[in-house]
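These notes concern the structure reproduced below.
The values are calculated or read from the model by the stated rules, or taken from the named source; none is laboratory data. Only a predicted model underlies this, so the values are computations on that prediction, with no experimental measurement involved. In this analysis, Cβ positions are derived from the backbone assuming ideal geometry, glycine residues included, and neighbour counts consider all displayed protein chains. Quick note on the areas: whole protein, heavy atoms, side chains included, nothing else; ligands and nucleic acids left out. Shrake-Rupley method; radii C 1.70, N 1.55, O 1.52, S 1.80 Å.
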Amino acid sequence: MDEAVSTTLEQLLNNTQLFLSYYNNKQKWTALYPMASKLAEQYRVLYAEQPFALQARLTLYNPSYSYATNLVVSQSVITAAFCKSQNYDSALSELYIAAALIEHLCVGAQLNKLCEQTPFQDSDKKIWKMRHQLAAKVMLSNGDSAKPVTQLLAKLSKYKQALVSAPKIMLYDGGITLIALANIISMNVTSNTANKNISLFKALTDLYIRTPNLFALQLIKSLIAHLGPLLPGSRVFYAEQTMIFLATDAQQKHILISTANPNKLAWFSVKATLNDNPKQWHCADKTINFKVFNSEHVKSKSAVDVDEAQSLLELISNIKLQHEYSYKGLSQLMAVHPQVVANLCEAVKPYNKEHQAAKDLKHSLSMVGYYNAPAIIQRVVFEQLVNVTPHPLQAYVTNRLNCLVKIMALLVSKNKHDQFEHITLPLYAYAHFLLTQCSTQLSRKTLIDDTPNKTLSAPISSFFGVDAINNEQLTQQLTHLLSDNPWTTALLEAEQTPKKHLTDSHKLWITLKIVAQSVFKPELALTAWQLQTLNEQLKILKWQNLTDFNQKLESLALFNSI
């Protein structure tokens, strides 16, 4: 960063306090959502570049700011740390951090009363109960762009209660779960007048014991692994005196400072086993709060992450369906992808009577043949690509994708001319596009209206809760990855071609969506046009009738994966 870390950090905290104060001025309301989005970006970027400086906000309570500001800062940092531990993309991380900033926007005065243990008046109780609705109303004064964050706030109270309740309550939205966890933790760790706050690790331990939610448990474990055993800003006992831990460097030496001399900090680099006290404490010293993090000794020296997704995308682009490969050619392409080879050995099981896995790449290729191999390899790579793209709904997206693939496999099972993998590859590319380019829009909803579009069929994205996509961007990404697959063009055209101009290739994709609608949204009756198209296509695909197809569809037991 161009300016000193201390300057950036102090500006961020000052702007957080300013953001919270704008609620009291109605004329500023339209500026609040853009300001929250910008602050969320700054938290994310600073956390990525200087994690120790922000992690120290969880141990250093700054009395220059109100309790409400310290709490919101703590919650924003915890949210950023959760997102970093999961490797969520920028858009998703900033959405969740924005929610952490906005959640307490309307109750700053009430938070400060909680800190001082001042009893709530009836008006305070009403505002506290309605805080998320009030925050949503303020955000929406800026227009529909704030809708994603207001949808997170809508269920936040219920999720917080469910995470600490004894009976197991199913929670379906991982993003709201993450925000709720950050809220519960920050409320427990932020210092207060009664001194009842606990350390971050104690808060995480208590939550881990109490919550029955599996996704929450996984988040907590990942966060602990991400933070490590010592928290920046915490106090440790070393060389018979209390010092402040700042960071652990690349050589695994702990960077400590001693405040024994009030006129000058003493710096230490030690390799020792330390026990810290990570409970948040009041620190009014600007040098400890900010300036110590300018030092080269406390800057993050984490190794550069290998971009596995980009490597897999390049492999997909390099394997062409219409190219004749030799074993040597394929082995050279896949030499740096041992996991792809291992997955391929498993994927070829259906191609032998014994359903045995292949021993190695050569054995896999001999099972499926070199003509079929490129499409099968691409499918395996796409499956791995979807699996390594982090998202709170990643498991759901994978399940929904697998269901669509199974439906398509059944539809074309009597087709002996087209290779099944060729047809389904665009589905994997589409799911990857949604995970990477529509990460903040994904949901468990099936967004098909009761009143269907008279011109176009509902897009595949609607089965993943995404109601609007950039068709130009979708076309560009899918054709780049699957440039020589004609089924990709058919899928893209089926999304944008009027119903009266659809060809049979288009209608295969339409049929997939009609069947998927009957599975995922059975309460919505099919239209006359959908029934006509379905029956027409089943006949072309050599099915006796709809009853025959439905019997086979039921045997897939897709409800187990929804």
- What lysines could a cross-link reach from K349, if we take a straight Cα to Cα line under 21 Å and drop same-chain neighbours fewer than 8 places away? K359, K362, K406, K414, K416
- Item | Of A98, T79, Q151, farthest towards positive along the dipole that unit charges on Lys, Arg, Asp, Glu beta carbons give the range 61-182 | Q151
- Message: Counting C-alpha atoms alone, how compact is the range 238-288: give Rg to one decimal and Dmax as a whole number, in angstrom.
- Response: 11.4, 31
- In debye to the nearest 20, how big a dipole does the range 197-281 give about its Cα centre with +1 on each Lys and Arg Cβ and -1 on each Asp and Glu Cβ? 60 debye
- Item | Size of charge dipole - the chain - debye, nearest 20, with Cβ of Lys, Arg +1 and Asp, Glu -1, no other charges | 1240 debye
- Note on the structure: Dipole check, the chain, charges on Cβ (K,R +1; D,E -1), about Cα centroid: among T497, A272, Q117 the Cα furthest to the positive pole belongs to Q117
- Item | Whole-Hz couplings from phi, Karplus 6.51/-1.76/1.60, listed for the range 80-92; x for Gly and Pro | 4, 5, 4, 4, 5, 5, 9, 6, 5, 6, 4, 4, 5
- Query: Gain in length, H417 to L546, computed as 0.36 nm per residue apart minus the alpha-carbon separation, to one decimal in nm?
  - Reply: 44.2 nm
- Once you put a point 7 Å from the Cα of E116 and another 7 Å from the Cα of Q310, both along the Cβ direction, what distance in nm separates them? 5.2 nm
- Excluding residues on the same chain fewer than 8 positions from K28, give the aspartates and glutamates whose Cα lies under 18 Å from its Cα. E103, D144
- Acute angle (nearest 10 degrees) that the helix 504-520 long axis makes with the longest principal axis of the chain, alpha-carbon atoms: 50 degrees
- Query: the chain: longest stretch without exposed GluC sites (Glu not before Pro) (DSSP loop, at most 16 other Cβ within 10 Å), sites themselves excluded?
  - Reply: 4-239
- FRET efficiency for A194 and A250 from the Cβ-Cβ distance with R0 = 60 Å, rounded to 0.05, comes out at 0.90
- Item | Three principal axis lengths of the chain [C-alpha, angstrom, descending] | 85, 59, 45
- Query: Given the pairs K445/K507; K126/K147; K129/K221, which are separated by over 28 angstrom at their Cα positions?
  - Reply: K129/K221
- Task: Among H323, V405, L227, pick out the residue whose Cα is farthest towards the positive end of the charge dipole of the chain, where Lys and Arg carry +1 and Asp and Glu carry -1 on C-beta, about the Cα centre.
- Result: L227
- Query: Of all accessible surface on the range 377-479 at a 1.4 Å probe, what whole percent is carbon and sulfur?
  - Reply: 46 percent
- So what is the orientation-averaged projected area of the range 309-376, using the convex hull of its C-alpha atoms, in nm²? 4.2 nm²
- Query: Within straight cross-link reach of K264, meaning Cα distance under 26 Å, which lysines are found once same-chain residues fewer than 8 apart are removed?
  - Reply: K253, K279, K286, K291, K299
- For the pair Q356 and S331, what calculated FRET efficiency results from E = 1/(1 + (r/R0)^6), where r is the Cβ-Cβ distance and R0 = 30 Å, to the nearest 0.05? 0.90
- Taking only DSSP H segments of four or more residues, each worth -39500 (n - 2.57), what value at 222 nm results for the chain once the sum is divided by all its residues, to the nearest 500 deg cm²/dmol? -17500 deg cm²/dmol
- Task: Can you check what the net charge comes to around D173, using other residues whose Cβ is under 10 Å from the Cβ of D173 (Lys, Arg +1; Asp, Glu -1)?
- Result: +2
